[in-house]
Amino acid sequence: MIPQSRILVVDDEPQLLRVLRPTLATAGYDVTTAETGASAITTSAASQFDLLLLDLGLPDMDGKDVISRVREWSDVPILVLSARDIEAEKIEALDRGADDYVNKPFAMGELMARIRAALRGRQRRYSTQGRFKAAELEIDFSTRRVSVFGEEVRLTRREYDLLRTMALHAGKVVTHKQLIAAVWGPQASVEAQFVRVLVGQVRQKIEEDSSVPRLLLTEAGLGYRLRSEDEE
Amino acid sequence: MPGLSLWPVRHSRGLLRYAWATCIVAGGTLLAEALYRTFDITRLSMVFLAAVLVAALHLGRGPALLSAILAFLIYNFYLVEPRFTLQFASAEDFLTLLLFLAVALGTGSLAGRVSDEVTQRRSRERTLSTLFEASRLMSATENEHVLRERIAEVVASAAQGFAVVIGDDHVRHASGDVEERRAAEVTAGELARSAMSRAAGTTLRSGIWSSRPLQADDRTFGAVVWRPASDRERRGSEVEGLIDVLVDLGAAAIARAWLSSVKAEIEAVTQAERLRTALLSSISHDFRTPLATILASASSLLEYDGKLDAGVRRDLLENIQEEVERLNRFVANLLNMTRLESGVLEVRTEPVLVREVIDRVLHRLGRRSGGRKLTQLISFRDLEVQADPVLLEQALTNIAENAVSYSPEASEVTVWANEMDGQVVIDISDEGAGVPARDQARIFDKFYRVAQSGPAPQGAGLGLSIARGLIEAMGGQVLAGGRSDGRSGLSVEMRLPRVTSA
């Protein structure tokens with residue numbers, strides 16, 4: 001049996017912790033809780049966690065600052081809990097290094113799926129496998145070969161960079177800003193419109209019907225999400 | 001008209017003053033003639049000197065000098081031998097005449113200058129007092145309508161005539177009869193329109209009419225049009241200058257009134273905006289947390305039903321129930337606030353057992369009191385209050401929740417009720433940090449939240465405001481103060497009508 005993944009839940013609402021703690025435990029995770037940003041930072045520094053489940057609305061500090069602080073030393077996956085209507089906050093959280101978000105209110109099934117995806121991403125990042133596969137899409141990182149239904153697809157350098165970035169974060173949101181940094185370089189001042197165009201080009205090449213994308217999905221207002229490897 | 005005495009004729013008309021001077025000398029001559037005939041006195045130079053002095057004191061320097069020369073000539077011609085010539089008989093007479101001329105000129109000049117200075121000083125005083133009075137009148141009100149009327153009055157009085165203030169849509173009259181006004185309005189309207197299109201600080205004159213735009217801070221608020229009462233020559237430049245200042249003063253006052261009305265408008269909008277924002281954020285927080293808890297608990301029960309312990313399952317169900325209750329309370333509070341705001345709150349008072357209401361409030365609060373001790377001290381079991389049971393419970397819950405939120409865990413919240421001065425007094429005290437005396441009245445304001453050093457409790461700052469609204473709707477009062485026993489903490493006291501046993 002694989003060792004239990006350790007999750008630090010950061011939330012100041014006792015009633016929400018009352019659900020999350022037993023449910024996550026039942027799902028097989030080792031749960032620790034923190035009710036303030038400060039204690040979240042010290043707790044996550046003191047011991048190793050596999051995932052941070054972070055509510056952005058904390059009593060003592062901005063949840064986004066917790067992300068920045070934790071990212072100073074750790075690349076632990078951070079899953080953000082945030083209200084659906086605060087788009088800007090989610091974008092900033094993702095740009096500051098959060099891996100994914102879940103809208104509040106959420107059903108347990110969705111939260112669990114996101115937790116699993118985030119944990120997988122962590123494992124993949126350290127895997128030596130040079131390949132990515134999601135449904136009909138296959139990427140061989142060593143040869144830069146991309147194929148759909150086994151047929152090779154020719155991508156330009158930027159198209160490939162974009163797809164590779166999405167694949168490295170498969171199953172999670174990648175913001176416009178992150179994509180620009182990965183494809184054009186961190187200093188580039190490129191408008192989000194360029195990303196949209198590039199995504200359109202990639203979709204033309206990898207999607208069966210580029211107007212109804214099933215692999216490279218749009219997260220309205222935030223960025224894009226590539227279907228993760230073994231999602232149903 | 002009292003205004004006439006303010007602007008005496010003799011100072012406003014140059015030529016007339018010289019005519020008066022001539023008259024005075026003529027009068028002196030007549031008097032001298034009479035004295036000569038009656039008493040056969042020839043040494044009458046003093047009579048002429050007196051005439052020069054009178055002219056000087058009353059008419060100023062210029063007319064005084066004229067009268068001195070006239071008096072000299074007449075005196076020489078008429079009284080000095082040989083009479084009726086301008087010649088003189090002896091060197092002595094010549095010397096006397098020369099001396100007379102010197103004395104007359106000197107006296108006239110000196111007295112005239114004194115008189116001129118007095119006149120000027122009076123005029124300055126009048127200008128100052130007019131300005132002072134005008135600025136007092138104009139700063140006394142911020143009502144633009146009243147201001148325009150006052151400007152018209154002040155300008156009309158200074159011009160001793162007729163003045164109209166023309167604004168974007170107002171016309172105000174200060175003086176003149178109806179016929180005159182109608183005729184004037186047409187002229188005034190045209191003049192005002194062209195004055196308004198001019199650069200700031202210019203007075204447009206057309207015949208006896210003058211017009212000056214009401215301009216301040218690069219903004220035109222209309223124009224003032226005025227004219228003297230009669231068609232006689234125009235007032236002196238001093239008066240015109242004064243009127244210009246009065247008009248500009250009026251423009252500044254209107255600008256001030258306008259700015260303050262704009263400011264009030266902006267404040268009202270800001271307040272409404274703040275209300276909406278706070279309400280939205282409060283709704284999004286106070287609704288979303290219970291909803292998130294309910295959805296998470298329910299979906300957890302569905303998803304992991306078989307795997308969850310019986311204890312956990314029960315706890316999740318209880319969690320759902322409590323959060324639904326919380327939502328329900330919040331909805332009730334919002335509804336009551338909306339009803340209070342729009343004045344459609346229905347209050348149905350009836351005798352209510354104080355003990356029962358407090359029991360219910362404390363029981364429901366108990367689960368959320370986080371280890372705080374809730375104590376009730378009720379003077380006698382049958383104490384009844386005339387109130388709406390639902391609204392009273394809501395008000396008490398809000399105040400008790402506030403006490404719980406702002407006091408440390410494991411402290412005590414005391415609810416005390418008694419009868420005093422024919423009223424029922426209910427007091428809820430906590431052991432928190434309390435509220436500084438100067439802020440105690442403000443805690444019932446909407447969205448008021450005490451500045452906290454540590455993490456602030458949840459809430460939008462509506463609870464106490466709603467509580468006060470509800471209590472007042474039931475004919476009661478709410479007061480906040482320090483604890484009566486001198487310890488730190490807040491004490492909120494409600495007074496409501498008692499039920500008389502009759």
>> For region A:131-226, what does the relative contact order come out to in percent, with C-alpha contacts under 8 Å and a separation of six or more?
In response: 26
>> Let me make sure I get this right: for region B:238-332, a, b and c are the square roots of the gyration tensor eigenvalues over alpha carbons, sorted descending. Under 1.5 in a/c it's rounded, otherwise prolate if a/b > b/c, else oblate. Which is it?
In response: prolate
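At 0.36 nm per residue, and after removing the present C-alpha to C-alpha distance, how many nm does the segment from B:LEU110 to B:ARG37 gain when stretched out fully? Let's see the in-between values first.
Details: separation 73, 0.36 × 73 = 26.28 nm, distance 3.23 nm.
This chain segment gains 23.1 nm when fully extended.
Take the Cβ-Cβ distance between A:ASP75 and A:ASN103 as r, set R0 to 30 Å, and report the resulting FRET efficiency rounded to the nearest 0.05.
Numbers: r = 24 Å, r/R0 = 0.80.
Here the calculated transfer efficiency is 0.80.
Which peptide among B:143-156, A:210-223 comes first, and what is the full order, when sorted by highest mean count of other Cβ atoms within 10 Å?
Values: B:143-156: 21.2, A:210-223: 14.9.
Result, highest mean first: B:143-156, A:210-223.
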> What distance in nm separates the simple spin-label points at A:THR42 and B:ASP315, each placed 7 Å from Cα in the Cβ direction?
Replying inline: 2.5
>> At a threshold of 8 angstrom on Cα-Cα distance, excluding pairs fewer than six apart, so keeping six or more, what relative contact order does chain B reach in percent?
In response: 8
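Using only helices, what value at 222 nm comes out for chain B when you add -39,500 (n - 2.57) per DSSP H run of length 4 or more and divide by the total residues, to the nearest 500 deg cm²/dmol? Mind showing how you got there, number by number?
On the way: 13 runs with 289 residues, N = 502.
That calculation yields -20000 deg cm²/dmol at 222 nm.
Please compute how much accessible surface disappears when A pairs with B, both sides summed, using a 1.4 Å probe, and round it to the nearest 100 Å². All intermediate terms of the calculation are to be shown ahead of the outcome.
Values: alone 11660 and 27140 Å², together 36890 Å².
So the total buried area for this chain pair works out to about 1900 Å².
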>> Which residue, A:GLY109, A:GLY121, A:VAL173, has the largest displacement toward the positive end of the dipole of region A:89-232 when charges sit on each Cβ (Lys, Arg +1; Asp, Glu -1)?
In response: A:GLY121
> Could you give the Stokes-Einstein D for region A:77-226 in µm² per second, using the C-alpha Kirkwood radius, 10 °C, 1.306 mPa s?
Replying inline: 99
> How big is the charge dipole of the protein assembly as shown about its Cα centre, in debye rounded to the nearest 20, if each Lys and Arg gets +1 on its Cβ and each Asp and Glu gets -1 on its Cβ?
Replying inline: 1760
>> For chain B, take the longest principal axis of its alpha carbons; what is the angle in degrees between that and the long axis of helix B:144-159, to the nearest 10 within 0 to 90?
In response: 10
> Looking at region A:6-126 from every direction and averaging, what is the projected area of its Cα convex hull in nm²?
Replying inline: 6.8
> In degrees between 0 and 90, to the nearest 10, how far off the longest principal axis of chain B does helix B:45-59 point, with axes built from Cα atoms?
Replying inline: 30
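Computed FRET efficiency, Cβ-Cβ of A:GLN187 and B:SER488, R0 60 Å: what is it to the nearest 0.05?
For R0 = 60 Å, the calculated efficiency reads 0.60.
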>> In region B:45-80, whose amide N lies under 18 Å from the spot 7 Å out along Cα-to-Cβ of B:ALA102? List them in ranges.
In response: B:45-46, B:49, B:68-69, B:72-73, B:76
> If you roll a 1.4 Å probe over the heavy atoms of the protein chains, what accessible area per residue do you get for chain A, in Å²?
Replying inline: 46
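For region B:347-449, with all protein chains present and a 1.4 Å probe, just round the carbon and sulfur fraction of the accessible area to a whole percent. Each step should come with its number before you reach the end.
Values: 2310 of 4820 Å².
Roughly 48 percent of what the probe reaches on region B:347-449 is carbon or sulfur.
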> region A:155-198: Rg/Rh from Cα coordinates, Kirkwood Rh?
Replying inline: 0.93
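What Kirkwood Rh does the protein assembly as shown have if only Cα atoms enter the pairwise 1/r average? Answer in Å. The partial results should precede the final answer.
Details: mean 1/r = 0.0281 Å⁻¹.
Here the Kirkwood hydrodynamic radius works out to 35.6 Å.
Can you compute the helix-only [θ] at 222 nm over chain A? Use -39500 (n - 2.57) per DSSP H run of at least 4 residues, normalise by all residues, nearest 500 deg cm²/dmol. Show your work: numbers first, answer last.
Working: 8 runs with 96 residues, N = 232.
Dividing the helical sum by the residues of chain A leaves -13000 deg cm²/dmol.
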> Once a ≥ b ≥ c are taken as the square roots of the eigenvalues of the Cα gyration tensor of chain B, is the result rounded (a/c under 1.5), prolate (a/b larger than b/c) or oblate (a/b not larger than b/c)?
Replying inline: prolate
> What is the gain in length, in nm to one decimal, between B:THR202 and B:ARG126 on full extension, counting 0.36 nm per residue of separation less the C-alpha to C-alpha distance?
Replying inline: 25.0 nm
>> Need one number: nm distance between label points at A:GLU208 and B:THR277, each 7 Å from Cα along Cα→Cβ, rounded to one decimal.
In response: 4.9
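Using a 1.4 angstrom probe, figure out how much accessible area chain B has per residue, in square angstrom, rounded to the nearest whole.
Details: 26210 Å² over 502 residues.
Heavy-atom SASA per residue in chain B reads 52 Å².
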> Any number yet on Rg/Rh for region B:2-133, C-alpha, Kirkwood?
Replying inline: 1.11
> Going 7 Å from the Cα of A:ALA135 in the Cα-to-Cβ direction, what parts of region A:164-208 have a backbone nitrogen less than 18 Å from that spot?
Replying inline: A:164, A:166-174, A:199-208
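Of all the accessible heavy-atom surface of region B:2-133, with the other protein chains kept in place and a 1.4 Å probe, what percent is carbon and sulfur?
That fraction is 70 percent.
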>> List the residues of region A:1-49 for which accessible area in the full set of protein chains is at least 50 Å² lower than for the chain on its own; 1.4 Å probe, protein heavy atoms only.
In response: A:GLU13, A:GLN15, A:ARG18, A:VAL19, A:THR26
>> Starting from a Cα-only point model with no solvent, please compute log10 I(q)/I(0) by Debye for region B:42-88 at q = 0.17, 0.24, 0.27 1/Å.
In response: -0.47, -0.77, -0.88
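Give the carbon-plus-sulfur fraction of the accessible surface of region A:139-232 in %, rounded to a whole number; probe 1.4 Å, heavy atoms of protein chains only. Write out the running numbers ahead of the final one.
Details: 2400 of 5040 Å².
Taking all protein chains in place, region A:139-232 shows 48 percent carbon and sulfur surface.
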> Which chymotrypsin sites (Phe, Trp or Tyr not before Pro) from region B:378-453 combine a DSSP loop assignment with at most 12 other Cβ atoms within 10 Å?
Replying inline: B:PHE380
>> Please enumerate, by chain and number, the lysines with C-alpha under 30 Å from the C-alpha of A:LYS104, excluding those fewer than 8 residues away in the same chain.
In response: A:LYS64, A:LYS90, A:LYS172, A:LYS177, B:LYS307, B:LYS446
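Fully extended, how many nm does the chain gain between B:THR270 and B:GLU419 (0.36 nm per residue separation, minus their Cα-Cα distance)?
That works out to 49.4 nm of additional length.
Round to the nearest 0.05 the FRET efficiency obtained for B:ASN328 and B:SER411 when R0 = 41 Å and r is the Cβ-Cβ distance.
0.90
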> In degrees between 0 and 90, to the nearest 10, how far off the longest principal axis of chain B does helix B:310-342 point, with axes built from Cα atoms?
Replying inline: 30
>> Under the rule of at least 5 residues apart or a separate chain, name every residue whose amide H is placed under 5 Å from the amide H of A:VAL9.
In response: A:THR32, A:THR33, A:ALA34, A:LEU53
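Given a cut-off of under 8 Å on Cα pairs at least six residues apart, what relative contact order in percent is computed for chain A? Before the final figure, lay out each step's value.
Working: 366 pairs, mean separation 32.2, N = 232.
The normalised contact order for chain A reaches 14 percent.
How do B:GLU350, B:GLU393, B:GLU401 rank by accessible surface area computed with a 1.4 Å probe, from largest to smallest?
B:GLU350, B:GLU401, B:GLU393
The values are calculated or read from the model by the stated rules, or taken from the named source; none is laboratory data. The structure presented is a predicted model; accordingly, all values stated were derived computationally and were not measured. Note: ideal-geometry Cβ built from the backbone for every residue, glycine included; neighbour counts use all protein chains shown. SASA here: full protein model, heavy atoms, side chains in, ligands and nucleic acids out. Shrake-Rupley method; radii C 1.70, N 1.55, O 1.52, S 1.80 Å.
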